[in-house]
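Nothing in this text is a laboratory measurement; each read-out follows from the coordinates by a stated rule. Note that the coordinates shown come from a computational prediction; the quantities given were computed from them, not determined experimentally. No Cβ is skipped: glycine too gets one built from the backbone with ideal geometry, and neighbour counts run over all protein chains shown.
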Amino acid sequence: MIAFAVDPEALKNTIAAALGGKARRVDVKLGEVTVEVAAADYLAAAQILHDEQGCRFEQLIDLCGVDYSTHGDGRWEGARFCVVSHLLSVSLNQRVRLKVFASDDDLPVVTSVTGVWASANWYEREAFDLFGIVFEGHNDLRRILTDYGFIGHPFRKDFPLSGHVEMRYDAEQQRVIYQPVTIEPREITPRIIREDNYGGLH
Amino acid sequence: MAEIKNYTINLGPQHPAAHGVMRLVLELDGEVVQRADPHIGLLHRATEKLAESKTYIQSLPYMDRLDYVSMMCNEHAYCLAVEKLLGIEVPVRAQYIRVMFAEITRLLNHLFWVGAHGNDCGSSTILLYTMREREDLFDMYEAVSGARMHAAYFRPGGVYRDLPDSMPQYQVNKIRNARAIKELNSSRQGSLLDFIDDFTQRFPTLLSEYHTLLTDNRIWKQRTVGIGVVTAERALNLGMTGPLLRGCGVAWDLRKKQPYDVYDRMDFDIPVGKTGDCYDRYLVRMEELKQSNRIVKQCVDWLRSNPGPVITDNHKVAPPAREGMKSNMEELIHHFKIFTEGFHVPEGEAYAAVEHPKGEFGIYFVSDGANKPYRMKIRAPGFAHLSTMNELARGHMLADAVAIIGTLDIVFGEIDR
């Protein structure tokens, strides 16, 4: 297990005190502190985590989207899209995970934190590209990983693994064309969730 | 006098200085860069989406194909994340083997970096020197895993197999005669550990050759000193990690600060720079080569005298030994289940990071209790580093943009994922 300079339980209390009513949930699991905030408090909470003594998270290490729609084979209740950030404090040697759920499933909107951490820029572009999460206040929200002119958000759970279009060279037209995919996703190993204590492993 | 307008040029997607498939749109005022807009994603293979439809073991080899210059370090983060979710212990010998190969990988990465960066800045000689050493390191990979690059050697719970007792030998061929082959094989007479030990003794001399070629070289300094300067505070805000952050004088290294496996038992130093320019980052990486070599040596000494298991005996996670599988019904069932259904990971989420040669490489898993991850996110250091390109290159000459791409140490396998 990875050792930290600051005890996760102590960090949990510090963060809970710093955020006060802004934190919906603060917990420690597997030695990692997770904070969940409401979409309305997201930017303010990020600023507090960045500035407050005892927090001082100078670095946004990672930011990504998660689509919870099929989590636990449909047992998920709650908002569909979540933005998860991993923060690191170099001065205090501690980490925290910051989660925020977008309130609207059809048009997920979350405030941008590029003003707090410049590194959020590309990460938010990526989450927009792959999940269609809109970051309000981001000044350059373009697609980043997918092709020019790509349609859809490929990491959403309702987007097929094989995609919708494929590219090939057409000898007649003498150019590269797009056409509907000719392959089908082939899943050899089914996805299974076992009941609790199956096999006595956990 | 003619009116001078800003000029937009397109660098790539195929360009030797772009280190892969990157399209860089540069806005120039004369020869001075005003804005650099990297277009990435040309190598995007949706590794994270693919992992959602594969079991935990099936997606491990994808890790090698992320940063294809430091393969085993990617696997390391993946295994640590899975182990964290499963809550399993890894045998000490396996931890030492992992640390040793993580450092061999760091040597591989930094050697390639110094060669390629030197080549970008006009010194092709260094590239040939570093490729020579990489050959020996690839032989170590091959001896232990059978593959020279995409090893798939680290597994959740340990490593795939123990270190071999003999090294493969070169055969006489059309290109090399018997005497040359004998010389090549001279360091390969003993076990893999003997070969690695021999390398660690040769390497400091080789490293001093690189220093002779570059460190005090006037042209090299003209190309790198004062280029791409970034302050420590800004580097943190931009998400820089690894040698880029240390080049600015921040002594931050996960191997020391948040040690994983047996790094806390290793004796090594963290080099830091002062000014945060390309030259400092070069010096930091060169010193890291020396320190990695020290760690490898310590691992070799420990591994020689401490035999033991190299993978967990929890057969729900790691396959049983071949012999047991052939003679024991229960082991056979374990073997069958692990290679058909895979293992189930408890519901939860975990993030595990390693000090990858390029910076902090992390894997974030969201599991819902299935045999496949619900969501996997790869935190690639190169992604954050390339996003700083605009800020680093602004105000520099076009030729310096190439030096800055070089110093960021980018590999598109991990940036585009």
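Along its three principal directions, the equivalent ellipsoid of the protein assembly as shown from the Cα gyration tensor extends over semi-axes of 35, 34, 26 Å, largest first. Which distance in nm do the two modelled labels at residue B:50 and residue B:332 give, with both placed 7 Å along the Cα-to-Cβ direction? Distance between label points: 3.4 nm.
Once the Cβ-Cβ distance of residue A:194 and residue A:168 is raised to the sixth power relative to R0 = 45 Å, the FRET efficiency obtained is 0.60. Restricting the range A:121-200 to GluC sites (Glu not before Pro) that sit in a DSSP loop and have at most 12 other Cβ atoms within 10 Å of their own Cβ leaves A:172, A:187, A:195.
Residue B:165 to residue B:256: FRET efficiency via 1/(1 + (r/R0)^6), r the Cβ-Cβ distance, R0 41 Å, to the nearest 0.05? So, using R0 = 41 Å, E works out to roughly 0.75. Relative to the longest principal axis of the Cα atoms of chain B, the long axis of helix B:124-145 makes an angle of roughly 10 degrees. Among DSSP bridges having both ends in the range A:34-150, what percentage is antiparallel? Round to the nearest 5. Close to 70 percent. With each label point set 7 Å from Cα along the Cα-Cβ vector, what nm distance links residue A:187 and residue B:27? The two pseudo-label positions are separated by 4.5 nm.
On the beta carbon distance between residue B:9 and residue A:106, with R0 = 35 Å, the FRET formula returns roughly 0.25. Of the beta bridges in the protein assembly as shown, as assigned by DSSP with both residues counted there, near 90 percent are antiparallel.
With each label modelled as a point 7 angstrom along the Cα→C-beta vector, the residue B:125-residue B:177 pair spans 2.9 nm.
Using 5 Å bins from zero, what percent of all Cα-Cα pairs in the range B:205-335 falls into each bin? Going from the shortest bin to the longest, the percentages are 2, 9, 13, 14, 12, 11, 9, 7, 7, 6, 5, 3, 1, 0.
For the range A:1-108, trypsin sites (Lys or Arg not before Pro) are listed when DSSP marks them as loop and at most 12 other Cβ atoms sit within 10 Å of their Cβ; the list is A:75. For the range B:170-211, the set of trypsin sites (Lys or Arg not before Pro) satisfying both a DSSP loop assignment and a count of at most 14 other C-beta atoms within 10 Å is given as B:174, B:176.
Compared with the dominant principal axis of the Cα atoms in chain A, helix A:8-19 is inclined by about 90°.
From the Cα gyration tensor of the range B:179-279, with a ≥ b ≥ c the square roots of its eigenvalues, which class applies: rounded if a/c is under 1.5, or else prolate if a/b is larger than b/c, or else oblate? Oblate shape, in that a/c is at least 1.5 and b/c is the bigger or equal ratio. Based on the Cα gyration tensor of chain B, what are the three equivalent ellipsoid semi-axes, each the root of five times an eigenvalue, rounded to whole Å and given largest first? Taking √(5λ) for each Cα gyration eigenvalue gives 38, 27, 19 Å. The range B:363-417 and the range B:33-58 have their alpha-carbon centroids 10 Å apart.
The angle between the Cα long axis of helix B:329-340 and the longest principal axis of the Cα atoms of chain B comes to about 20 degrees, rounded to the nearest 10. Computed from Cα atoms alone, the Kirkwood hydrodynamic radius reported for chain A is 19.4 Å. Evaluated with a Cβ-only charge set (Lys, Arg +1; Asp, Glu -1), the protein assembly as shown carries a dipole of roughly 1040 debye about its Cα centre, given to the nearest 20.
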